[in-house]
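S.K.: This structure is in structure tokens; I'll ask about it shortly.
The values are calculated or read from the model by the stated rules, or taken from the named source; none is laboratory data. Predicted model, so just to flag it, every value in this text is computed and none were measured. Note that each Cβ is placed from the backbone with ideal geometry, even for glycine, and that neighbours are counted across all protein chains shown.
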Amino acid sequence: MKHPLLPLTTLVLLGLLAGCGVKVQPLMPTPVLFTDAGFDPLAHVPQEEHWNARRVYFATTRAR
């Protein structure tokens, strides 16, 4: 007797495994200006304003 959820379970497991790739795309290296020159572009920004969550709004003329 076949289990009725076997095809669905197999499909879900295959989807999860396909999303777990082994190839990692390297990020762009930090520019030399920010690493070796001792230049801090954010030195004037107060510490309480150092955070990385930003809202980004953009407009496009591309039709859906």
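Rundown of residues vs (1) modelled with pLDDT of 80 or more; (2) surrounded by fewer than 10 Cβ atoms within 10 Å (Cβ to Cβ), yes/no style:
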{"residue": "23", "(1), (2)": "no, yes"}
{"residue": "27", "(1), (2)": "yes, yes"}
{"residue": "34", "(1), (2)": "no, no"}
{"residue": "37", "(1), (2)": "no, yes"}
{"residue": "40", "(1), (2)": "no, yes"}
{"residue": "45", "(1), (2)": "yes, no"}
{"residue": "50", "(1), (2)": "no, yes"}
{"residue": "55", "(1), (2)": "yes, yes"}
{"residue": "60", "(1), (2)": "yes, yes"}
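S.K.: Here is a check on your reading of the model: is residue 12 part of a loop (DSSP other than H, G, I, E, B), surrounded by 10 or more Cβ atoms within 10 Å (Cβ to Cβ) and either free of Cβ contacts under 8 Å to residues at least 12 places away in the same chain or within 23 Å of the chain's Cα centre (by Cα) (or both)?
M.R.: It is false that residue 12 is part of a loop (DSSP other than H, G, I, E, B), surrounded by 10 or more Cβ atoms within 10 Å (Cβ to Cβ) and either free of Cβ contacts under 8 Å to residues at least 12 places away in the same chain or within 23 Å of the chain's Cα centre (by Cα) (or both).
S.K.: Hey, does the stretch 18-30 have a residue that's part of a helix (DSSP H, G or I) and among the small types (Gly, Ala, Ser)?
M.R.: yes
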